[in-house]
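Notes follow once the structure below has been shown.
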Amino acid sequence: MKLDFKIVILSLVFLSCKENDNNGKVVYNQDEYLKLWMKDKNVKVKVVDTFCENQTKKAIKDIANNQLTYFNPYAYYEHEELAELLKKHGIQSKICYRPCISVASFNLYCYQDLMKDEIEKRYGKTFLDSLWKIAEKNFVLKYPDSLYIKEGRDIREKYIPVKKE
């Protein structure tokens, strides 16, 4: 009995000494996190990313129904041409601007990332890049008089022969 009492006391001591890292604060979206962070830059919270969980479920359902969508993070001029090429493969295309910075450990692009992974799984890793090149060329040939600067260079030089005077 005396030994049981000591074990109970020791257990209580150890449990009470356990520090709660997040002070019981749980956030489910980045807006909640940012509100807390604005009040205290050293705030410690547990992040539960329900948005990503829901987007993952939706992506899995859409993939199972063969409804693939490519989210174009580089909305260059040739987006329409790329969308036409993807459509031939049964893939929709949408423009999606993605900032380089994320808040806490929230992932706002779970759906988009899973879709891209599935497209690469089905068609290969170089599929999207090769379609980009074709779309770029189609755009330049469709609009040969439009200046198109990419990475400091007029892209038309790659596809239209230079006329020598």
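Would it be correct to say that residue 85 is open to solvent by less than 80 Å² (accessible area, probe 1.4 Å) and more than 30 Å from residue 30 (Cα to Cα)?
yes
Could you give every pair whose Cβ atoms fall below 8 Å, whose first residue belongs to segment 58-85 and is more than 19 Å from residue 98 (Cβ to Cβ), and whose second residue is open to solvent by less than 40 Å² (accessible area, probe 1.4 Å) and of a type in the set (D, E, K, R), counting only separations of at least 6 or pairs across chains?
What qualifies is 63/118; 81/136.
For residue 133, state whether it is charged (D, E, K, R) and more than 22 Å from residue 149 (Cα to Cα). If you could, list the steps in order and put the result at the bottom.
Details: charged (D, E, K, R): yes; more than 22 Å from residue 149 (Cα to Cα): no.
So residue 133 fails the test.
Quick check on segment 108-134: of everything there that is modelled with pLDDT under 95 and among the acidic types (Asp, Glu), which residue is nearest to residue 52 (Cα to Cα)?
113
Which members of segment 126-138 meet the condition of being in contact (Cβ under 8 Å) with a residue 12 or more places away in the chain and either out of contact with any His (no Cβ under 9 Å at 6 or more places or on another chain) or open to solvent by 50 Å² or more (accessible area, probe 1.4 Å) (or both)? Step through it out loud before you land on a result.
To start, the set of residues in segment 126-138 that are in contact (Cβ under 8 Å) with a residue 12 or more places away in the chain comprises 128, 131-132, 134-138.
Selection gives 128, 132, 134, 136, 137, 138.
Looking at residue 97 and the list (1) modelled with pLDDT of 95 or more; (2) open to solvent by 90 Å² or more (accessible area, probe 1.4 Å), which single condition is not satisfied?
The single condition residue 97 does not satisfy is (1).
Within segment 48-63, can you find the residues that are open to solvent by 40 Å² or more (accessible area, probe 1.4 Å) and either more than 18 Å from residue 108 (Cβ to Cβ) or more than 18 Å from the chain's Cα centre (by Cα) (or both)?
Across segment 48-63, the qualifying residue is only 61.
Looking only at segment 117-165, count every residue that is closer than 14 Å to residue 78 by Cβ and of a type in the set (Lys, Arg) and tell me the total.
6
Could you count how many residues in segment 108-119 are surrounded by 15 or more Cβ atoms within 10 Å (Cβ to Cβ) and out of contact with any Leu (no Cβ under 7 Å at 6 or more places or on another chain)? If you could, list the steps in order and put the result at the bottom.
Narrowing segment 108-119 to residues surrounded by 15 or more Cβ atoms within 10 Å (Cβ to Cβ): 108-116, 118-119.
Going one step further and asking which of them are out of contact with any Leu (no Cβ under 7 Å at 6 or more places or on another chain), we end up with 108-114, 116.
The total comes to 8.
Among the listed residues 123, 76, identify the single one that is more than 25 Å from residue 161 (Cβ to Cβ) and surrounded by fewer than 19 Cβ atoms within 10 Å (Cβ to Cβ).
123
The values are calculated or read from the model by the stated rules, or taken from the named source; none is laboratory data. All values reported here derive from a predicted model rather than from experimental measurement. Note that each Cβ is placed from the backbone with ideal geometry, even for glycine, and that neighbours are counted across all protein chains shown. To get the accessible areas, we keep the full protein, side chains included, count just its heavy atoms, and leave off ligands, DNA and RNA. Shrake-Rupley method; radii C 1.70, N 1.55, O 1.52, S 1.80 Å.
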